[in-house]
Protein chains: 2
Amino acid sequence: MLKTIDPLLSPELLFALAAMGHGDRIVLVDANFPGTSVAADTVTGNILRCDADIVSALKAVLTLLPLDTFEPNPAVGMQPVDDPASMPPVVAEMAAVIAAEGFEYSAIGRYDFYDAARESFAVVQTAERRFYGNIILTKGVIPPA
Amino acid sequence: MLKTIDPLLSPELLFALAAMGHGDRIVLVDANFPGTSVAADTVTGNILRCDADIVSALKAVLTLLPLDTFEPNPAVGMQPVDDPASMPPVVAEMAAVIAAEGFEYSAIGRYDFYDAARESFAVVQTAERRFYGNIILTKGVIPPA
C-alpha cells in the first residue's frame, strides 16, 4: 500500500508503467487471453497480473498512465470475431472509461491484436471473465510543470 | 513519467516502495555511504539510486510512503561521530521534513545505523554530498477508505 496509489497496481505493474516511455504500449487482457505466451515476446518478457475485472484494472492504470495525444488511437480493443462492428457490454464499459479520459476507443481484429500485443512493452492479465475484455494502451507524455 | 508521481522515483524505487509492507524499512543515504555493500544484505539485495540531494529524495519518497505510527521512531538518522548531539544543516533539513509529516526525527550511532541498514528492505543512494545525509524510514499502514 502506498499513498495515492490504487492497490490493484502491483509492484511489478507499477514498475512497468514507470519504465515505459512515450509511445510504449501496455496491454490489459481478459482471463482467456493467451497472456503468458504473448508476453514472452514483449519487453518485460513476463506476464503481469491484476486481480480485478478489466474495467477496474483499466481505471487503476489510467490513474497513473497518460494516454498518447500524438496517436489517433491510443486505446485499441479487439473486434468480436462473429460481428466486428458490435460492442459487447464489457467493451462499451471500457469505451466509456476511455471517453472520460477524452479519447475515442477503437478496435482491430483478433490476430492483429495478438501481433500488436507481442510488440508491446508488457501484458497484464486480469480476472475478467467476459469475452473481448482486452485493450492496448499507448503511453503519452507529461509536460513540465 | 507517470501522473502524480515525482520523476525522482525510478521504476526500481517505486517497485521497492510498493513491495514493502508494514514495519519494513527503507534507507536513504548520502554519496559517501557504503551503499552497495550494505544493500547486499537487504531484502532487495541491490542498491537503488536516486539522482538528487537527500532532502529532495526524502520528500519524493514521502509523497507515497506512509510513516509508521506504531513506532516511536519511524525516521532515524545517524549521529555525527565527533558530536553525537549536534545537528548539521542537512540533518536539520531532514528533521523539518519529518516534522512536517507529524513525526520526530531521532538518530543513532554510525555502526548501529549500518547494522539497521543491513536489516532493511532496501537502500537508496542519493547524490547528497553533505555528511550525515542518511535516514532510515519505517513503513506504516493506510487504512481502508
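The local environment of residue B:104, defined by Cβ-Cβ distances under 14 Å, has a net charge of -3 under the rule Lys, Arg +1 and Asp, Glu -1. Projecting 7 Å from Cα along the Cα-to-Cβ direction, the label point of residue A:4 sits 0.7 nm from its equivalents in the other copies, listed shortest first. Extension gain for residue A:104 to residue A:37 (0.36 nm times residue separation, less C-alpha to C-alpha distance): 21.2 nm. Note on region A:107-145 and region B:88-138: Cα centroid distance 41 Å, given to the nearest whole angstrom. Placing a label point 7 Å from the Cα of residue A:73 along the Cα-to-Cβ direction, the distances to the matching points in the other copies come to 6.0 nm, shortest first. Close amide H pairs (under 5 Å, H built 1.01 Å from N) link residue B:77 with B:106, B:107, B:108, B:136, residues at least 5 positions away or on another chain. Among the chymotrypsin sites (Phe, Trp or Tyr not before Pro) found in region A:52-110, those both in a DSSP coil and sparsely packed, with 14 or fewer other Cβ atoms within 10 Å of their Cβ, are A:70. Shielding of peptide B:13-24 by partners, expressed as the average count of other chain Cβ atoms within 10 Å per residue Cβ, is 4. Over chain B, dividing the summed -39,500 (n - 2.57) contributions of all DSSP H runs of at least 4 residues by the number of residues returns a 222 nm mean residue ellipticity of -8500 deg cm²/dmol.
Between copies, the label points at residue A:36 (set 7 angstrom from Cα along Cα-to-Cβ) are spaced 3.6 nm, reported in nanometres from shortest to longest.
When DSSP beta bridges are restricted to pairs lying wholly in chain B, around 45% turn out antiparallel. Among the trypsin sites (Lys or Arg not before Pro) found in region B:1-94, those both in a DSSP coil and sparsely packed, with 14 or fewer other Cβ atoms within 10 Å of their Cβ, are B:3. Taking one quarter of the surface of the convex hull spanned by the alpha-carbon atoms of the protein assembly as shown gives a direction-averaged projected area of 16.2 nm².
Computed from the coordinates by the stated procedures, all read-outs in this text should not be read as laboratory data. Everything quoted here is computed from the prediction, not taken from an experiment. With ideal geometry, Cβ positions are generated from the backbone for all residues, glycine too; neighbour counts draw on all protein chains shown.
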